[in-house]
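A short worksheet on the structure shown next.
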Amino acid sequence: MALVYSTDHGRTCPGCRQSLAACTCKTARPIPAGDGIVRVSREKQGRGGKTVTVVRGLVLDTLALTTTGKQLRAACGAGGTAKDGVIEVQGDHVERVMAWLTQAGHRVRRAGG
């Protein structure tokens, strides 16, 4: 069983068993490799009929991905998440996300329909 919470310093990382603020393994994770093209698509499958704009292919570490996701959500005025190398923005914001990523200097393609 892994230690998840400690009364000394709160939530702990299961990898290095340090507090989440002092976690050393989150910086050691490798950056996922990609082909340099960011793919933006719109999905509804498995989301209760709700539309989500999905961004895949950003070659960023976890902290940069989270920051980029926050900036995209703010630009779209919507909620969402950034996890497992994928940014999800609630709603159909494909054109706005593509324009923002192009302006940020990424090579962007629309994926799907």
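Every read-out reported here was derived from the displayed coordinates using simple, explicitly stated rules and does not represent laboratory data. In this text, all values refer to a predicted model and were calculated from it rather than measured experimentally. Methodologically, a virtual Cβ is constructed for each residue, glycine included, from the backbone with ideal geometry; neighbour enumeration extends over all protein chains shown.
Structural remarks
- FRET efficiency, 1/(1 + (r/R0)^6) with R0 41 Å, evaluated for R110 and T24 via beta carbons: 0.60
- Order of E43, E95, E88 - criterion: other Cβ atoms within 10 Å of each residue's Cβ, fewest first: E95, E43, E88
- Shape class for the stretch 34-98: prolate, because the ratio a/c of the largest to smallest gyration tensor axis (alpha-carbon atoms, square roots of eigenvalues) is 1.5 or more and a/b beats b/c.
- In order through the stretch 83-89: 3J(HN,Hα) via Karplus (6.51 cos²θ - 1.76 cosθ + 1.60), integer Hz, x for Gly, Pro: 8, 6, x, 10, 9, 10, 10
- Other residues with beta-carbon under 13 Å from the beta-carbon of T51 carry, at +1 per Lys or Arg and -1 per Asp or Glu, a net charge of +1.
- Set of aspartates and glutamates with alpha-carbon distance to K70 below 12 Å, sequence-local pairs under 8 removed: E88
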